[in-house]
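Submitted below is the structure of interest, expressed as structure tokens.
The values are calculated or read from the model by the stated rules, or taken from the named source; none is laboratory data. This structure is a prediction, so every number in the text was calculated from the model and none was measured. Using ideal geometry, Cβ is built from the backbone for each residue, glycine included, and neighbour counts are taken over all protein chains shown. All accessible areas refer to the heavy atoms of the entire protein, side chains included, with ligands and DNA or RNA removed. Shrake-Rupley method; radii C 1.70, N 1.55, O 1.52, S 1.80 Å.
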Amino acid sequence: MVGTVAEIWRYPVKSMTGERLDSCRIESTGLEADRRWALVDGTANRAGKLFTATEDKQLMTYRARLQGGRVEVVTPEGDARQLDGELVAAIAQATRRPLTLRDIAGANFDDSPVLIVNMASVAAFALEAGVAVDRRRFRANLYVDGFEPEEEARWIGRRLRVGSAELEVVKPCERCVVITHDPDTTETSPALLRVLTKTSDANMGVYCRVLRPGVVAVGDLIGPE
């Protein structure tokens, strides 16, 4: 079965809200500049570890985007600022953590470099949960349409062609507390993770590695070989 790419998302700064794109190049390390930068915690018990939305959901209220080769961050107040030491200091003050910025290119993903979520699986999950579920809770790179719910589970170990790129599906994406946070308000709904654990072993989406770099665009066909 063949579907289409419905949405493309890139997250230049790990755990911040990302940017929706019409097209993007997929490199061996994932979408160009995806999750390339991260904040590093300097507190005594977490020194050197990445500071993410798991530690503080406030990070989700910052929106990062790539502008002319540089990262621009829209703050919760709506100000557009360059990603630099001054901004990191402001975030550190807001989160009450000593933070630094790190370029983590090449080590910028949790498991594998590309995350795909099937829109039909999100819709089926919403029915199980009995509430509307915003797909953005799952922070995918590619949201795909035209498939049956949970059809992506049958792609494990198979190759996918998308645009001029080729991917291999390696494993399901097991979810954590981050999906309980509303992407706009950060209001927390703990029941969502409980329902997903009961219905799908806490999985939503699949991780892929890149076999052949290329370009992907909204509307491109996607499907297993």
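Looking at the range 135-151, is at least one residue open to solvent by less than 60 Å² (accessible area, probe 1.4 Å), within 26 Å of Gly3 (Cβ to Cβ), part of a loop (DSSP other than H, G, I, E, B) and among the hydrophobic types (A, V, I, L, M, F, W, C)?
yes
Another question about this same structure. Go through (1) open to solvent by less than 30 Å² (accessible area, probe 1.4 Å); (2) outside any strand (DSSP E or B); (3) under 28 Å from Asp22 (Cβ atoms); (4) in contact (Cβ under 8 Å) with a residue 60 or more places away in the chain for Cys173 and report which single condition fails.
Going through (1) open to solvent by less than 30 Å² (accessible area, probe 1.4 Å); (2) outside any strand (DSSP E or B); (3) under 28 Å from Asp22 (Cβ atoms); (4) in contact (Cβ under 8 Å) with a residue 60 or more places away in the chain one by one, Cys173 breaks only (2).
Residue check: is Ala89 hydrophobic (A, V, I, L, M, F, W, C), part of a helix (DSSP H, G or I) and crowded, with 16+ Cβ neighbours inside 10 Å?
Considered against the rule, which asks whether it is hydrophobic (A, V, I, L, M, F, W, C), part of a helix (DSSP H, G or I) and crowded, with 16+ Cβ neighbours inside 10 Å, Ala89 comes out as no.
For the range 92-133, enumerate the residues that are open to solvent by 40 Å² or more (accessible area, probe 1.4 Å), closer than 23 Å to Ser15 by Cβ, assigned to a loop (DSSP other than H, G, I, E, B) and out of contact with any Gly (no Cβ under 8 Å at 6 or more places or on another chain).
Arg96, Ala105, Gly106, Ala107, Asp110, Asp111
Kindly evaluate Glu148 against the criterion of being farther than 23 Å from Ser23 by Cβ and in contact with a strand residue (DSSP E or B) (Cβ under 7 Å, 6 or more places away or on another chain).
no
Also, I was wondering about something else. Out of the residues in the range 1-35 that are polar (S, T, N, Q) and either under 11 Å from the mean Cα position of the chain (by Cα) or open to solvent by less than 30 Å² (accessible area, probe 1.4 Å) (or both), which is farthest from Ala217 (Cα to Cα)?
Ser15
Among the numbered criteria (1) within 20 Å of the chain's Cα centre (by Cα); (2) among the charged types (D, E, K, R); (3) farther than 27 Å from Pro224 by Cα, which single criterion is violated by Arg97?
Tallying (1) within 20 Å of the chain's Cα centre (by Cα); (2) among the charged types (D, E, K, R); (3) farther than 27 Å from Pro224 by Cα, Arg97 fails exactly one: (1).
Looking at Arg20, Arg25, which is the one that is of a type in the set (Lys, Arg), under 16 Å from Arg137 (Cβ atoms) and part of a strand (DSSP E or B)?
From the options Arg20, Arg25, the qualifying one is Arg20.
I would also like to ask the following. Please go through the range 36-55 and give me each residue that is within 24 Å of Arg137 (Cβ to Cβ), open to solvent by 30 Å² or more (accessible area, probe 1.4 Å) and either touching a residue at least 12 places away in the same chain (Cβ under 8 Å) or assigned to a strand (DSSP E or B) (or both), ordered by number.
Result: Arg36, Trp37, Leu50, Thr54, Glu55.
Identify all residues within the range 61-75 that are farther than 30 Å from Leu211 by Cβ and open to solvent by less than 70 Å² (accessible area, probe 1.4 Å); write none if there are none.
Thr61, Tyr62, Glu72, Val73, Val74, Thr75
With the condition kept exactly as written, say whether any residue in the range 201-215 is under 19 Å from the mean Cα position of the chain (by Cα), loosely packed, with under 15 Cβ neighbours inside 10 Å, at pLDDT 95 or above and within 20 Å of Lys57 (Cα to Cα).
Within the range 201-215, none of the residues are under 19 Å from the mean Cα position of the chain (by Cα), loosely packed, with under 15 Cβ neighbours inside 10 Å, at pLDDT 95 or above and within 20 Å of Lys57 (Cα to Cα).
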